[in-house]
Each structure stands twice: as structure tokens, then as C-alpha cells.
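Undergrad: Take a look at the following structure, please.
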Amino acid sequence: MKDDVIISVKDLKTFFYTNNRCNKAVNGVSFDIKKGKTLCVVGESGCGKSVTASSIMQLLPKLSRIENGKITYHSNEGDIRIDQLKKNGAEMRAIRGSDISMIFQDPMTALNPVYSIGFQISENIQYHTRLKKSERKDQSIKLLKEMGIPLPEQRINEYPHQYSGGMRQRAMIAMAMACNPKVLIADEPTTALDVTIQAQIFELMDELKEKHDTAIMLITHDMGVVTELADDVVVMYMGNIVENGTVDDVLRKPSHPYTKALLESIPVLGRGKNQVIEPIKGSTPDPYNRPKGCQFAPRCPYADSSCLVMPDESSINNTHSVRCWHPMEAV
């Protein structure tokens, strides 16, 4: 294992069971999260991005389980198989929030409305450190200050509804960063925020990465964000990774028709109103009634009879791989 890899996911399969039916939400996913680097996971809604993150955090709902694969956390004390730990066991609770933290998609539902922001940040510090009450309060104020929240001494006693959307997200990041985690998983952390606040939050995450050598796994829909922040990119579709590589590999030389289609559906600043924006034809299949073979085949302009069998992953170069029968045609 390379020294810079902190979490390795190998052939992960996470399935959901409802009404005697099985949704293969994540179906054989493999990737590495590296120290001091940002891995961006992109893809349409329902492709398995958040389920992958929840599997790493062991925060899956009751009617789901990890069926297969390994999630290995390469800690300073040795390798820990996260997939084999009890969801709410002492060992998993010690890792969650301390070594591996998560920023959730919607801070209003992730923060508890009946406790003050200061209490919720210091609760995490109390669980994972031995700091006294006054030291925990000072640390919470310091974290809010670092996140750019004005008057942190006063605002620490306020409740989530008294914060704006951007400030709630900053408070969430303060909670996540309270114990200087080695891995930060950010699940679309700026979905509900305006563009200027988005930029500030991403700047903040970049700063944390530089300062603490934190590994970041960022789930996003926004290819602009990927261009700015990513070191490595994973493109997911219907529970599979269809392409992965460095940000240059994937964005400059997309080899999978889905990646190419994603990039073509984004307007480019400066090209004016006459530019052609191509939406991806069709819609994502029913997860309970999936197409045979390649999941993207029904929507793919290059599909033929070979696509009735799921292709294996093939390498384009040392850092770039794709799962497609016709990879070069997409370039």
C-alpha cells in the first residue's frame, strides 16, 4: 500500500432491501483517498455517491448492508477494516468524528435545533478529547473564528435557526474539524448556498487541507468545483465507477461517453447565449429494473451489442482508467 493512501475502498457493494426487492446502490466500487489530496466524486443524483460516503462512515440505514468488499482505514496504529466494525460499537464511534469526519448535505437537518451551536461543537470535543469545560468552550470559539463567523463569543450561544444558511454550513465544518480529522468527507456541502459563500467555504476546505494535510472526499454535481479543487476524480453512474483518474485526465481527456456527456451539458462562461448545451438523452434507469450489461448503454450514442455485457475496467495510462467497450470514441 502506498504511504499517501489513508482510506482504500476495494470492490464495495452496498445494497438496499425494500418490499422483497434489492437496490444495488453501490455495486463494486474501488478507489483510494490520499493524504493532503481532494478526491471528487461526481455523477447524477442516485448514482451512489452519498451511499459510498455513508458506507465509509458506517451510517447506513437499517434496511441496507455492506454485502461485499473492503473499506480499510490506514491509521497510525495500523490498518482498520471499517466494514467489519459494528455500526455503533466503541471502535467505530472513536473513529467517527475524530479521525474521519463528515459534512452533511443539509446543515439544518444535521444540526440539532434544541441545542446551541457551541454545545454541539463542544460535545464532539468532549467525546474525543480530555479537555476541561472552559477549554472546550475556548476551542469552540476558536473554531468558529477560523470559519469566519463574526462575533464568535456571542454566536456560540445561539441556535441553528438564528444562523444563516452559509453560517450553518460553517458551523457544520467547525464541528467536523473540531478534532483535526485525518479524513473529511463533504457531501455536497454547498448545495443550498449562494456562489460567494460557496467560494469562501471551498477556500476554507482548501486551507484545512494545506494546514493539516487532511484528505478530502468531496461529493459534488458541480464540474466547476471539480476543476478548482480536485486532485483526483471518480465518475459514478448507477452504482459503478465508470471512469477515474487525475483531474487533468478526466476533464481534459474524458474517455467514457457519460463523462463526456456530463461535460457537454455545462454552459461555459464567456461563450455567450448561442452556445449549444447538450442535455444527456433519456433518464437514469429504475434501480430495481436495471438494463443488462453497461448501465449507461440505453442512453449512449456509441452503444452496440457488446454493451449487453458489463465491461471490465481498463487502463488508459498509469493514473487513468475507464469502464467502457468503446473508450477512445468518446474523446
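The values are calculated or read from the model by the stated rules, or taken from the named source; none is laboratory data. Given the structure is predicted, the values throughout are model-derived calculations rather than measurements. So basically every Cβ, Gly included, is an ideal-geometry build from the backbone, and we count neighbours across all protein chains shown. Accessible surface is based on the protein model in full, side chains and every heavy atom, while ligands, DNA and RNA are left aside. Shrake-Rupley method; radii C 1.70, N 1.55, O 1.52, S 1.80 Å.
Undergrad: Please enumerate, by chain and number, the lysines with C-alpha under 26 Å from the C-alpha of Lys87, excluding those fewer than 8 residues away in the same chain.
TA: Result set, ordered by chain and number: Lys10, Lys13, Lys24, Lys34, Lys35, Lys49, Lys62, Lys70, Lys182.
Undergrad: Using only Cα atoms, find the angle between the long axis of helix 165-177 and the longest principal axis of the chain, and express it within 0 to 90 degrees, rounded to the nearest 10.
TA: 80 degrees
Undergrad: Out of residues 5 or more away from Asn68 or on other chains, whose amide H comes under 5 Å of its own, with H placed 1.01 Å from N in the peptide plane?
TA: So Asn68 has HN proximity to Lys13.
Undergrad: Report, in cubic angstrom per residue, the convex hull volume of the C-alpha atoms of the stretch 159-220.
TA: Dividing the Cα hull volume of the stretch 159-220 by its residues yields 76 Å³.
Undergrad: Same structure again: Between Leu131 and Tyr288, what length comes free when the chain is fully extended (0.36 nm per residue of separation minus the Cα-Cα distance, one decimal in nm)?
TA: 51.6 nm
Undergrad: Further, regarding this structure: Compute the distance in nm between two label points, each set 7 Å from the Cα along the Cα-to-Cβ direction, one at Asn318 and one at Leu263.
TA: Those two pseudo-labels are separated by 2.2 nm.
Undergrad: How large is the convex hull of the C-alpha atoms of the stretch 234-274 per residue, in Å³?
TA: 84 Å³
Undergrad: Whole-Hz ³J(HN,Hα) for each residue in the stretch 82-87, computed from phi via Karplus 6.51 cos²θ - 1.76 cosθ + 1.60 with θ = phi - 60°, x for glycine and proline: what do you get?
TA: 4, 5, 9, 7, 5, 3
Undergrad: Can you bin the stretch 134-266 into rounded, prolate or oblate? Criterion: square roots of the alpha carbon gyration tensor eigenvalues sorted a ≥ b ≥ c, rounded for a/c under 1.5, prolate for a/b above b/c, oblate for the rest.
TA: Verdict is prolate for the stretch 134-266.
Undergrad: Pulled fully out, how much extra length does the chain show between Asn157 and Lys70, if you take 0.36 nm times their separation in residues and subtract their Cα-Cα distance?
TA: Using 0.36 nm per residue and subtracting the Cα-Cα distance, I get 27.1 nm.
Undergrad: Putting +1 on Lys and Arg Cβ atoms and -1 on Asp and Glu Cβ atoms, find which of Pro301, Val183, Val276 reaches farthest to the positive end of the dipole of the chain.
TA: Val183
Undergrad: Then there is this: Tell me, what is the per residue accessible area of the stretch 1-82 in Å², probe radius 1.4 Å?
TA: Per-residue accessible area for the stretch 1-82 comes out at 47 Å².
Undergrad: Taking square-rooted eigenvalues a ≥ b ≥ c of the alpha carbon gyration tensor, is the stretch 42-141 rounded, prolate or oblate, where a/c under 1.5 means rounded and, failing that, a/b exceeding b/c means prolate?
TA: oblate
Undergrad: Go through the stretch 216-287 and name the trypsin sites (Lys or Arg not before Pro) that are in a DSSP coil and have 12 or fewer other Cβ atoms within 10 Å of their Cβ.
TA: Answer by residue number: Arg271, Lys273, Lys281.
Undergrad: So if I take the alpha carbon set of the chain, get Rg, then get Rh from the Kirkwood formula, what is the Rg over Rh ratio?
TA: That ratio is 0.98, to two decimals.
Undergrad: Counting pairs of Cα atoms in the stretch 2-97, how many percent are more than 17 Å apart?
TA: In whole percent, the long-distance tail amounts to 51.
Undergrad: While we're looking at this one, here's another question. Mind jotting down the distance between the C-alpha centroids of the stretch 268-331 and the stretch 129-190, whole Å?
TA: One Cα centre to the other: 40 Å.
Undergrad: Once you order the gyration tensor axes a ≥ b ≥ c over the Cα atoms, which shape class does the stretch 259-304 get: rounded for a/c under 1.5, otherwise prolate or oblate by comparing a/b with b/c?
TA: Verdict is prolate for the stretch 259-304.
Undergrad: Write out the trypsin sites (Lys or Arg not before Pro) in the stretch 75-161 meeting two conditions: DSSP loop, and at most 13 other Cβ atoms within 10 Å of their Cβ.
TA: Lys86, Lys87, Arg130, Lys132
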